[in-house]
Amino acid sequence: GGNYEFEEEDKENDSDHQCFRALCCKGPPPARPEYDLVCIGLTGSGKTSLLSKLCSESPDNVVSTTGFSIKAVPFQNAILNIKELGGADNIRKYWSRYYQGSQGVIFVLDSASSEDDLETARNELHSALQHPQLCTLPFLILANHQDKPAARSVQEVKKYFELEPLARGKRWILQPCSLDDMEALKDSFSQLINLLEEKDHEAVRM
């Protein structure tokens, strides 16, 4: 009969939880923290499509971002104001002008791209990881286009981008993603939000 007691306990907890929820919902919802993030990556890495899909917009009419665009992406426990910077050659050199005020970085790479593009992406990621305005921030690195046959695995990307030596001691998450798997993408963002919250708490402690 040991198990029976546990079941009873669970039920009680459950109803408590529901009461609490009902009470909560009557007042205005608690303000979700907002974080300002910068999203970088080469043209074609899929930044705009991923962000549009997270905002539940149709990715069909997505055009490459020239300059930058800002999207407020709502998550359950936070709102991310994501400043997405265009990834064309002539825009990348201006990226750093937009870094100020960022609290985190999303770097999107096309895991199915050519060696040349990967090399460029690697250099850009290395520059961002070492940039004085970004180097202390949490990074979410998304290996996009995992649904393509040519996609490299996350292990391959990690090795190629030499993340271990370079980003050691930094807070970064490397995740596979594709437009087909929004659950995984949202999960990656939840992990990033956890890092942002940790960083917030640290700032308070100082």
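Is it the case that some residue within the stretch 152-169 is closer than 15 Å to Gly104 by Cα, surrounded by fewer than 17 Cβ atoms within 10 Å (Cβ to Cβ) and out of contact with any Phe, Trp or Tyr (no Cβ under 7 Å at 6 or more places or on another chain)?
Initially, the stretch 152-169 is screened for residues closer than 15 Å to Gly104 by Cα, giving 167.
From what is left, the residues that are surrounded by fewer than 17 Cβ atoms within 10 Å (Cβ to Cβ) are none.
No, the stretch 152-169 contains no residue that is closer than 15 Å to Gly104 by Cα, surrounded by fewer than 17 Cβ atoms within 10 Å (Cβ to Cβ) and out of contact with any Phe, Trp or Tyr (no Cβ under 7 Å at 6 or more places or on another chain).
Residue pairs, Cβ under 9 Å, 6 or more apart or interchain, first in the stretch 171-187 and within 19 Å of Ile79 (Cα to Cα) and open to solvent by 70 Å² or more (accessible area, probe 1.4 Å), second of a type in the set (A, V, I, L, M, F, W, C) and not in a helix (DSSP H, G or I). List them.
Lys186/Phe75
So which residues in the stretch 73-121 are under 13 Å from the mean Cα position of the chain (by Cα), open to solvent by 10 Å² or more (accessible area, probe 1.4 Å) and either closer than 11 Å to Ile40 by Cα or without any contact (Cβ under 8 Å) to a residue 24 or more places away in the chain (or both)?
The one that is under 13 Å from the mean Cα position of the chain (by Cα), open to solvent by 10 Å² or more (accessible area, probe 1.4 Å) and either closer than 11 Å to Ile40 by Cα or without any contact (Cβ under 8 Å) to a residue 24 or more places away in the chain (or both): Lys83.
Scan Gly101, Gly86 and give me the residue that is out of contact with any helix residue (DSSP H, G or I) (no Cβ under 7 Å at 6 or more places or on another chain) and on the phi > 0 side of the Ramachandran plot. So that I can check it myself, show each step before the final result.
Numbers: Gly86 fails: on the phi > 0 side of the Ramachandran plot.
The match here is Gly101.
Please specify each residue of the stretch 48-64 satisfying the condition of being modelled with pLDDT under 90 and part of a helix (DSSP H, G or I).
Pro59, Asp60, Asn61
The values are calculated or read from the model by the stated rules, or taken from the named source; none is laboratory data. Everything quoted here is computed from the prediction, not taken from an experiment. Reconstructed Cβ throughout: ideal geometry from the backbone, glycine too, with neighbour counts over all protein chains shown. Calculation scope for accessible area: heavy atoms of the full protein, side chains included, ligands and nucleic acids excluded. Shrake-Rupley method; radii C 1.70, N 1.55, O 1.52, S 1.80 Å.
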